[in-house]
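The next block holds one structure in the form of structure tokens; read it before the comments.
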Amino acid sequence: MAEPDEPDPRVAELERQVRELDRRVRSSAQDAAAARILAGGADRDVAEIRGEIRDFRQATTSSFNAMRADFTDLRQGFTDLRQEFADVRQQMNDKFDAVDRGFIEMRGRFDATAAGQQHIVDLLTTIMNEQGGDT
């Protein structure tokens, strides 16, 4: 029989196992604490990245909206310019038409003047022929 002062080998084994389990629990507790710290850091990093992405998205959207407004203004400017050119072209065509009508009118007057002068020449020729035949 074993002496009462000596622990039973089974008890010694249990004590050794309890010490081992205690060491593992402490190690697990330390690992869990470290994991919580890392998780907290990761949460902060994710929140920071989300904020940066949100800011980038807002800046990009603002830039696209500004570009869209610029293109709209340019398109309107080109439309206005196209209308101004059309107006200038119409005015120019109207002036050319007025010049053409003036030339047609002047041609008619020149033709009438030429016809009148020809009539005078014919009358003078007739008079000269009559006087030349009488003398």
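Taken together, the values in this text are just the output of simple stated rules run on the coordinates, not laboratory data. Quantities reported herein were computed from a predicted structural model and do not represent experimental measurements. No Cβ is skipped: glycine too gets one built from the backbone with ideal geometry, and neighbour counts run over all protein chains shown.
Which residue out of Ala42, Ala12, Ala29 is of a type outside the set (Val, Ile, Thr) and under 53 Å from the mean Cα position of the chain (by Cα)?
Ala42
Would you confirm whether or not segment 119-135 contains a residue that is among the hydroxyl-bearing types (Ser, Thr, Tyr) and exposed (fewer than 10 other Cβ atoms within 10 Å of the Cβ)? So that I can check it myself, show each step before the final result.
Initially, segment 119-135 is screened for residues among the hydroxyl-bearing types (Ser, Thr, Tyr), giving 125-126, 135.
So of that shortlist, the ones also exposed (fewer than 10 other Cβ atoms within 10 Å of the Cβ) come out as 135.
The answer is yes; a qualifying residue exists.
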